[in-house]
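Comments concern the structure below.
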Amino acid sequence: MDLRDLHVLHWRGAHVAAATAPEPASGQDLWLIDTCQRRVAVVCGAAACAPARGEFPAHGVLETFQGTDAYAFLLRFACGLESKLVAETEIFGQIKQAWRSFSERGSPLSRQLSAWVQLLFQDAKAVRAQYLGNLGSASYGSQVRRLLGDDAAAAAVPAHPTEGATLLIGAGHLAQSVAPWLSGSDLWICNRTVERAWELARELSKRSEDKAVRVIEGGFEAELDAWRRARHVVACIPSDREGDPARVAAWRERTEPGGRVIHLGLGATPTAPWDDLPGVVSLGSLFEMLRSHSQLRARQLQRAQHACLEKALLRSLGANASHPHSWEDLAAFQTL
Ligand SMILES: NC(=O)c1ccc[n+]([C@@H]2O[C@H](COP(=O)([O-])OP(=O)(O)OC[C@H]3O[C@@H](n4cnc5c(N)ncnc54)[C@H](OP(=O)(O)O)[C@@H]3O)[C@@H](O)[C@H]2O)c1
């Protein structure tokens, strides 16, 4: 496939993401990547763009990219440069997983894209290593740990074993990426499907044998009891109209002061019943807190953006090119 045939459609908007690599509703052969901040469709050839539009919500702006611009966009996306939490690392895993499940379908498009996607992953790793490696971790987990901060560290040797526990709600993708960062205190994991909580607990124990991890079993009542006794709660589940009022009520019943609720499934602004819980941190407030970038960080990000475009141009000159070919090419780079 020629890079000129690569087309990407991009819709930006907060929404509940579908499963990894959702099946296109139309049955069209396209690679869909759905995250909670955007939906992206990758197709081959301009003719495939019009039907692909049907896969996107009617509201909001739909951007389209072609050829080098499409590759550069995918590279920025994979490097976390399109994310609100700029340079976050989880997105790369999400894209790789979306690719794995799409390519397993073995469709003609997956075969056409395969070589380009391998180059994309290679370039994303190179940009991350060269420009974003020492940026400071920008994962959801690192930000959560920063927010819990000294509080969690101080609670590492609690007077009473339950005083310092952090309760993690959920065992899905986000919970799995956040859990290793919750190192300051005892960790309690509670998930609707308890087997998944056990899987996560086993995985964490493998990584760090001395980490105290407990799985909360006993259904919703046991979860509420844990809300009453934990010092912090980190929720990695979507908002839940039925269960959330009881969760908020349980948190209010605590007798120990302090502690935080960080709810990453709440979207930009906390809605009822979370909105009048003092100090609750939603995904939106987490992004807000991170908006203050240092000058150095901003410069590094700019260089990474530039590198994405430069790599896309190199790829347009030949899939395996890693150096400009001629004086004309060099001149083209100087205009970047
Ligand atoms: N993945 C990310 O990078 C990311 C980033 C920012 C925000 N978020 C948000 O975080 C939330 C979780 O995302 P995810 O990627 O981890 O999804 P996921 O892998 O699909 O996992 C969903 C988790 O939520 C639980 N869950 C779903 N509905 C529930 C309900 N009604 N009551 C109780 N538990 C419920 C699931 O429990 P079961 O195991 O029982 O199904 C599972 O633990 C979503 O709201 C998402 O928008 C995700």
If amide hydrogens are placed 1.01 Å from N in the peptide plane, which non-local residues have theirs closer than 5 Å to the one on residue 214?
187, 188, 189
Residue by residue through the stretch 45-53, the couplings from Karplus 6.51 cos²θ - 1.76 cosθ + 1.60 with θ = phi - 60°, in Hz, x for Gly and Pro, are x, 4, 5, 7, 6, 4, x, 5, 4
Equivalent ellipsoid dimensions for the stretch 51-150 as semi-axes, Å, which come from the Cα gyration tensor, largest first
27, 18, 14
By counting other Cβ atoms within 10 Å of each Cβ, how are 253, 82, 242, 199 ranked from fewest to most?
242, 253, 199, 82
Where a ≥ b ≥ c are the square roots of the eigenvalues of the C-alpha gyration tensor, would you call the stretch 140-290 rounded, which needs a/c under 1.5, or, failing that, prolate if a/b is larger than b/c, or oblate?
rounded
Quick one: which residues, 5 or more positions from residue 233 or on another chain, have an amide H under 5 Å from its amide H? H modelled 1.01 Å from N in the peptide plane, none for Pro or chain starts.
167, 260, 261, 262
Just want the ordering: 114, 185, 239, from fewest to most Cβ atoms lying within 10 Å of their own Cβ.
114, 239, 185
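We did not get these values from a lab; they are worked out from the coordinates using the rules stated. Computed from a prediction, not measured in an experiment: that's the story for all the values here. With ideal geometry, Cβ positions are generated from the backbone for all residues, glycine too; neighbour counts draw on all protein chains shown.
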